[in-house]
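The values are calculated or read from the model by the stated rules, or taken from the named source; none is laboratory data. Since the model is a prediction, treat every value here as computed from it, not as a measurement. Don't worry about glycine lacking a Cβ; one is built from the backbone with ideal geometry, like all the others, and counts go over all protein chains shown. Surface areas here come from the heavy atoms of the whole protein model, side chains and all, with no ligands, DNA or RNA. Shrake-Rupley method; radii C 1.70, N 1.55, O 1.52, S 1.80 Å.
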Amino acid sequence: MGKQVDARGLSCPQPVILARKAISEGNFPIEVTVDTVTSRENVRRMAENSGCRVGVEAAGDEFKLIITQ
Amino acid sequence: MRNRITLFFASRPGIILAGAVIGIIAVLLQKAGNPPNMGVCVACFERDIAGALGLHRAAAVQYIRPEIIGFMLGSLVAALLFREFKARGGSAPIVRFTLGILAMIGALAFLGCPWRALLRLAGGDLNAIVGLAGLSAGIFIGVLFLKNGYTLGRSSKTYASVGWIMPLIMVLLFLLLVFRPKFGEVGALFFSEKGPGSMHAPVVLSLLGGLLIGFLAQRTRFCTMGSLRDIMLMKDFHLASGVAALLISAAIVNFTLGAVRFGFSPQPIAHSAHVWNFLGMALAGLSFTLAGGCPGRQLFLAGEGDGDAAIFALGMIVGAGISHNLNLAGKPDGIIEGVATTGGLSAEGMVAVVAGLAVCIAIGFSMREKW
């Protein structure tokens, strides 16, 4: 189960919009893949502000954020 | 250590500190010679660079501004130090170029980018409130598009050399500034002898100020457009706290220096044609939102290897040429021999601003993905 969001290469603030949409739909855990540190910080801040927990895994120059409730 | 610094700059105190430092540097650069309420203005300074290169021939606004060079190179240094330099590009470059042109046409109708709008307000220029209201309106329209799936598509990772092109252009500009070669009898470079282009802080101070701002802004992702967009989109005040810090610190330094004068007209390098201040900044705000960053942010992104942001910045420089050559830019109010004269926008300028808004709206509607 869960949902995967591929936000690689998207301009600000689209990764945040996609991740927020996934959070509002539920279906945790949500795995968001981003490829800039800025997107990683932005998605993490948004998810934490929405009361979620966020784990980050670095993979090469990409990041996977695992968002759980 | 590196991680700790990164965490600090990503925090609320980090961005407030960066904003405050930017505000102080900006006013000090005014004190050191930059034009009034124009300590740093990305649009104005790119316009001056366009003028120095002869892309327009408005004699009063021609100078290679080291602040712009510093912005990008400061960001480059920060990105390299923190291993964030990443060459990327290929997300609708022609659209970004067009948005850059339109953003500049809008900003020059108002006579300043969002950065200068804040500095104008900090100096008591109440027209800036009208401009900032227009900016908010433009961003609001952009946010509606974003909520409805607007996207320029993905960028992709590319050769490192792609990311170096724009920073190297900045190095070249700096060499042109220092050595001032003359290209032919009547050719560029051009440096204003009077008017705003002739007013500048010493090169070293401008460059250092720009480098420091570029470094801080890259670390904190400082963005004037983003501050309002994030509030509208998700009630996130993170970026806004940095922008507020800029405004407050610039106002405090101005008060300390006795450089605040409240009113609408005459204000330095400003006009009080309210409708066009509003619509000009609305066009700029919408263009920035559709392109994903304010003009400063686009320079910082270009410094960390984003070729799409570089294209937007080049679009703004070309847009400055178009704006002045076609008589689209706003004219400041002034006092000529004791008589107050009213500036504002030419008929061509008004048409361009309205047409620009129409083009942006067409872009917003036609480039959507179903999410």
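Restricting attention to the stretch A:8-22, the residues being open to solvent by less than 30 Å² (accessible area, probe 1.4 Å) and part of a helix (DSSP H, G or I) number 7. Would you call A:Gly60 at positive phi, open to solvent by 20 Å² or more (accessible area, probe 1.4 Å) and away from every other protein chain (no Cβ under 11 Å)? For A:Gly60, the condition - at positive phi, open to solvent by 20 Å² or more (accessible area, probe 1.4 Å) and away from every other protein chain (no Cβ under 11 Å) - is not met.
Within the stretch B:215-231, one or more residues are touching a helix residue (DSSP H, G or I) at 6+ places or on another chain (Cβ under 9 Å), surrounded by 22 or more Cβ atoms within 10 Å (Cβ to Cβ), at positive phi and within 12 Å of another protein chain (Cβ to nearest Cβ).
The numbered conditions (1) within 11 Å of another protein chain (Cβ to nearest Cβ); (2) open to solvent by less than 60 Å² (accessible area, probe 1.4 Å); (3) within 9 Å of the chain's Cα centre (by Cα); (4) under 25 Å from B:Arg12 (Cα atoms) are all true for A:Val5 except (4).
One residue is enough: does the stretch A:29-46 have a residue meeting the conditions exposed (fewer than 14 other Cβ atoms within 10 Å of the Cβ), out of contact with any Phe, Trp or Tyr (no Cβ under 6 Å at 6 or more places or on another chain), touching a residue at least 12 places away in the same chain (Cβ under 8 Å) and away from chain B (no Cβ under 13 Å)?
No, there is no match, as no residue in the stretch A:29-46 is exposed (fewer than 14 other Cβ atoms within 10 Å of the Cβ), out of contact with any Phe, Trp or Tyr (no Cβ under 6 Å at 6 or more places or on another chain), touching a residue at least 12 places away in the same chain (Cβ under 8 Å) and away from chain B (no Cβ under 13 Å).
Scanning the stretch B:200-214 for residues that are buried (at least 17 other Cβ atoms within 10 Å of the Cβ) and assigned to a loop (DSSP other than H, G, I, E, B) turns up B:His200, B:Ala201. Is the stretch B:316-326 home to any residue that is touching a helix residue (DSSP H, G or I) at 6+ places or on another chain (Cβ under 8 Å) and under 30 Å from B:Phe82 (Cβ atoms)? Yes, there is a match, as at least one residue in the stretch B:316-326 is touching a helix residue (DSSP H, G or I) at 6+ places or on another chain (Cβ under 8 Å) and under 30 Å from B:Phe82 (Cβ atoms). Residues of the stretch B:263-313 that are within 14 Å of another protein chain (Cβ to nearest Cβ), open to solvent by 20 Å² or more (accessible area, probe 1.4 Å), more than 13 Å from B:Phe71 (Cα to Cα) and assigned to a helix (DSSP H, G or I): B:Ile311 alone. Annotation note: of B:Phe45, B:Phe85, the sole residue that is modelled with pLDDT of 95 or more, under 17 Å from the mean Cα position of the chain (by Cα) and aromatic (Phe, Trp, Tyr) is B:Phe45.
From the list B:Val243, B:Val260, B:Val253, the one residue that fits, being over 17 Å from B:Cys113 (Cα atoms), part of a helix (DSSP H, G or I) and touching a helix residue (DSSP H, G or I) at 6+ places or on another chain (Cβ under 9 Å), is B:Val253. Scanning the stretch B:315-358 for residues that are over 24 Å from B:Val95 (Cβ atoms) and touching a residue at least 40 places away in the same chain (Cβ under 8 Å) yields a count of 12.
May I ask you to list the residues in the stretch B:211-256 that are of a type in the set (Ser, Thr, Tyr) and in contact (Cβ under 8 Å) with a residue 40 or more places away in the chain? Answer for the stretch B:211-256, where residues must be of a type in the set (Ser, Thr, Tyr) and in contact (Cβ under 8 Å) with a residue 40 or more places away in the chain: B:Thr220, B:Thr224, B:Ser241, B:Ser249.
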